[in-house]
Structures are given as C-alpha cells and as structure tokens.
Amino acid sequence: MNLPSALDVKRLCLSVAFVAVTACGGGGSSTPTTETPPPQPPTAQGIFLDSAVEGLRYVSGGQSGLTDANGTFTYEVGASVTFTIGDIEIGTAQGAAILTPLEFVPTALDESDPMVVNILRFLQTLDDDGDPDNGIQITELVRDLAAGLSITFNQSIDNFTGDGNVQVIVSDLTATSSAGARLLIDASIARAHFRETLDELNSGNGNQSIITLSGDDTGALGKELTLTEFGYRPDFGGAEEFLAATSDGVLAIILPPDD
C-alpha cells in the first residue's frame with residue numbers, strides 16, 4: 001500500500017480547509033429584506049336601489065360580497081362594480097354612493113329604456129315575498145340555482161317577455177321563493193315602482209345645502225358636507241325615515257333626531 005507523502009497530506013489539508021471556508025462563507029448574519037406591500041386602494045360604500053336589493057353578489061376590484069338588506073355594497077374608489085345573481089350578470093357600473101339599473105345602461109335617458117325595464121322586471125319578479133315595495137330579497141337558494149345560467153337583457157321589452165330562456169329561468173327560480181312560482185312582472189308595473197324610487201331620490205336635485213358635522217366622522221369627512229343630491233325615503237334600515245345625501249361619492253345617512 002502506498003502511503004501519501006508529507007506533501008500530499010499538506011495539500012489535502014489545505015483543500016479541506018478551503019472547502020470548509022467556502023461552505024461557511026455565505027452563512028453570515030445578513031438581514032432578510034422585507035418588501036413593503038403596495039398601498040390598498042381606497043374603498044367606499046354605496047347602496048343599490050330599485051327598492052333596496054338584498055342578496056346581489058358584487059365585485060369591485062378586490063372587494064366582493066353580497067348586498068345587505070339595505071342594498072349596501074363596498075367598492076374600490078374609481079373602479080367599476082359588477083352585480084350578479086348566480087352566473088346571471090345584472091349589470092356593471094362605475095362605483096358610486098347610489099346605483100340603480102339606470103347606471104348599467106349608459107345610453108339610457110330614463111327608466112323607460114328597454115334594457116333598464118328588463119332588468120327591473122327580473123329583479124322585482126325574483127323578490128322572495130313578491131312585494132318589492134318592502135325591499136327586494138334574492139335568496140341564497142335562488143343564487144345557487146342561477147349558477148351556470150345567463151340572460152340577455154339587451155333586447156326589446158316584447159322580445160324579453162317572449163324569451164323562452166327568460167320564462168324558464170323565472171319559473172324555476174321563483175318556484176323556490178316564499179311567494180311561489182310566478183310569471184315575469186308587467187313592464188308598466190316595474191317602471192312605476194322604480195319611478196317612485198327615483199322621485200324620492202331626486203327630490204332635491206339641482207339644489208345644494210351645507211350641513212355641519214360633529215363626532216368621530218369629522219376626521220374623514222371634515223366638519224362641513226356640501227349636499228348635491230338628497231331625498232327622503234321611508235322604512236330604511238328600521239328607521240321611520242332618513243335623508244340619503246351624496247357629495248363627491250360620499251353617502252350620508254341622516255336619521256331624524258330622537259324625541
């Protein structure tokens with residue numbers, strides 16, 4: 001057996017030492033870098049109205065959820081909001097303090113626009129108790145049954161009435177409701193109901209008023225709020241009446257003072 005010479009042993013030791021140093025060379029006390037997360041877009045709350053519509057699925061940027069009993073939704077400021085029932089898209093509009101089916105149709109002049117009327121009829125017909133005057137409730141079961149379905153709202157009122165797909169969907173979805181299966185609500189009734197809502201919301205259009213605020217909200221809103229649209233509406237969120245006021249995307253719900 002050939003034994004290593006003294007020179008070989010020396011070379012081997014130097015090689016091992018080099019490997020050891022190399023292996024440990026990256027093990028210093030470097031501090032891991034932490035990336036600062038990007039700022040989250042500002043959000044605001046709005047209300048979706050025909051009557052207040054509960055149970056609509058909404059998506060706005062990173063915000064999503066279901067409208068509550070008051071029709072409330074959260075949107076990213078500057079982003080659009082899309083409302084759906086199951087996979088049936090009701091409409092998309094720029095986020096705002098108050099949205100109605102009118103905002104889904106940029107070319108609509110008023111509530112008589114056929115596409116607006118078709119959306120109104122569908123929402124009012126799906127109301128669980130069949131009485132949209134006390135609010136419109138879309139149930140979880142209706143949303144589940146509407147998965148995989150679609151409806152074309154952009155057609156004439158007569159064609160929408162005679163659309164076999166619409167008739168089947170309305171029959172199947174309303175069959176699960178408290179009021180039972182029913183036909184699509186008449187166009188004139190749907191328009192009249194929505195017109196009442198618009199009249200209440202627009203009763204103060206064209207006027208301005210400045211109110212003074214106090215309390216915790218002044219940090220976000222300031223001490224004065226200039227109102228450009230406001231109107232009284234009864235039976236909102238359990239209150240006998242309230243004042244809905246909007247100003248630059250801010251929604252103020254002003255309840256009457258306690259007696």
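The values are calculated or read from the model by the stated rules, or taken from the named source; none is laboratory data. Treat the numbers as computed from the prediction; the structure is a model and nothing was measured. Here Cβ is always computed from backbone atoms with ideal geometry, including for glycine, and neighbour counts include all displayed protein chains. Surface areas here come from the heavy atoms of the whole protein model, side chains and all, with no ligands, DNA or RNA. Shrake-Rupley method; radii C 1.70, N 1.55, O 1.52, S 1.80 Å.
Each residue in region 155-174 was checked for being open to solvent by 40 Å² or more (accessible area, probe 1.4 Å) and in contact with a strand residue (DSSP E or B) (Cβ under 9 Å, 6 or more places away or on another chain), and 0 of them qualify.
Could you list, in sequence order, the residues of region 45-67 that are closer than 12 Å to LEU99 by Cβ and assigned to a strand (DSSP E or B)? Can you show your working first?
Kept after step one, since they are closer than 12 Å to LEU99 by Cβ, are these residues of region 45-67: 45-50, 52-53, 56, 58, 60, 67.
If the condition is that a residue be closer than 12 Å to LEU99 by Cβ and assigned to a strand (DSSP E or B), then GLN45, GLY46, ILE47, PHE48, LEU49, ALA52, VAL53, TYR58, SER60 are the ones that fit.
The set of residues in region 68-124 being over 23 Å from LEU145 (Cβ atoms), without any contact (Cβ under 8 Å) to a residue 60 or more places away in the chain and assigned to a strand (DSSP E or B) consists of THR72, THR74, TYR75, GLU76, SER80, VAL81, ALA93, GLN94, LEU99.
Of everything listed in (1) more than 25 Å from PRO106 (Cβ to Cβ); (2) among the charged types (D, E, K, R); (3) in contact (Cβ under 8 Å) with a residue 40 or more places away in the chain, the single unmet condition for ASP172 is (3).
Taking the conditions exactly as written (open to solvent by less than 20 Å² (accessible area, probe 1.4 Å), among the hydrophobic types (A, V, I, L, M, F, W, C) and closer than 12 Å to VAL53 by Cβ), does ILE138 satisfy them or not? Even if it seems obvious, please write down each step before you answer.
Numbers: open to solvent by less than 20 Å² (accessible area, probe 1.4 Å): yes; among the hydrophobic types (A, V, I, L, M, F, W, C): yes; closer than 12 Å to VAL53 by Cβ: yes.
In short, yes.
For residues that are touching a helix residue (DSSP H, G or I) at 6+ places or on another chain (Cβ under 7 Å) and part of a loop (DSSP other than H, G, I, E, B), scanning just region 141-154, find the one that is most open to solvent (accessible area, probe 1.4 Å). Step by step, filter region 141-154, then rank; the result is ASN154.
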